[in-house]
Amino acid sequence: MDVGSILAKQGYVDEDTLRHAESTVKQGGDVGDLLLSWGIIPGAALEEARGLLRSLDTEQSESKRAFLEAVLPFSALREEDRDGVAESMTWNSFAAGEIIIEQGTEGSRFYLIKSGLVRVYLEQGGTEVVLGFLGEGDCFGEMSLLAGAPTSATVETVERTLCLVQNKEAFVDIVNAYPVFHAFFDQLLTQRMRKVYKELLTTSPGITQVEPYLYRKQVRELLNERQISCDAGLPIKDAVQKLLESKV
């Protein structure tokens, strides 16, 4: 929400005029000042819109702080640190049926759900594999940001969903700055990779003894003098199948 949008909602300016003003105003300029100089709005209306915008900003800031205070790992921060993190996040509303993250794309944002519900799924061999649903207090988008890899699943809203959103740079900065974040997301990544892996195994009947190899041993314990290779484009489940069949 900005001053121009408030003026439009209050009926002081029509959408066409507002778009014209927004395209005309110079970088760093103020749409409200431009509309005032054109004689389209009275000074009192501009001051009223600016006052309302300040109130909305204050309300949103307080709402962000209150929400983060109740959600891990943000609740573990000192109040002043949490307030700083809140400033780097913005509210974003998504309609039902909207795809927020698409599998295989470059991750650019971290999402924390305030209300609503999203469905997480991936496409595997032309089949849709549902990994689960996320609601209030849950987060998503962190895997690709921390791993520096394409997104591993698609996230689609089931109903209208309100999220706090943070860009990649700010998210990575806070994870590096606060050990509690690093520990929290490290554990979350492990849990989610385990879930993805188990869901993939459901498409490969007969493989039942994978978990000990993946979760209970170090990588160096699994290394074998006999190396098995595959093409770069081979799906993970097929690579796993190949390794297990070769007993490597």
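Using the Cβ of P235 as centre and a radius below 11 Å, the other residues enclosed give a net charge of -1, where K and R count +1 and D and E count -1. If the segment from S63 to V130 were pulled out straight at 0.36 nm per residue, it would be longer than the present Cα-Cα gap by 20.9 nm. Every Cα-Cα pair of the range 67-156 was included, and the share exceeding 20 Å stands at 42 percent. If a paramagnetic tag sat 7 Å from the Cα of L189 along the Cα-Cβ line, which residues of the range 97-136 would have the backbone N under 17 Å from that point? Label zone hits: 106-111. Bridging of K198 to aspartates and glutamates at a Cα separation below 13 Å is possible for E211, once same-chain residues fewer than 8 apart are set aside. Peptides 76-87, 110-121 ordered by packing proxy, namely the average of other Cβ atoms within 10 Å per residue, highest first: 110-121, 76-87. From the alpha carbon centroid of the range 179-196 to that of the range 71-100 is 18 Å. Amide H contacts of S115 (H built 1.01 Å from N, in plane; Pro and chain starts excluded): L162 sit under 5 Å, all sequence-distant by 5 or more or on other chains. Relative to the current alpha-carbon distance between E15 and E87, full extension at 0.36 nm per residue lengthens the span by 23.0 nm.
Sum up the charges of everything whose Cβ sits under 13 Å from the Cβ of D81, counting Lys and Arg as +1 and Asp and Glu as -1, but leave D81 out. Please report the intermediate quantities before stating the final value.
Numbers: positive: R65, R78, R82; negative: E69, E79, E80, D83, E87, D173.
Net of charged neighbours comes to -3.
Among residues other than F185 whose Cβ falls under 12 Å from its Cβ, what is the net charge (Lys/Arg +1, Asp/Glu -1)? Net of charged neighbours comes to -1.
Would you kindly state how much longer the chain becomes between E159 and V172 on full extension, computed as 0.36 nm times their sequence separation minus their alpha carbon distance, in nm to one decimal? Working shown, then result.
Working: separation 13, 0.36 × 13 = 4.68 nm, distance 2.87 nm.
This chain segment gains 1.8 nm when fully extended.
No value in this document is a laboratory result; all are computed from the given coordinates. This is a predicted model, so every value here is computed, not measured. Note: ideal-geometry Cβ built from the backbone for every residue, glycine included; neighbour counts use all protein chains shown.
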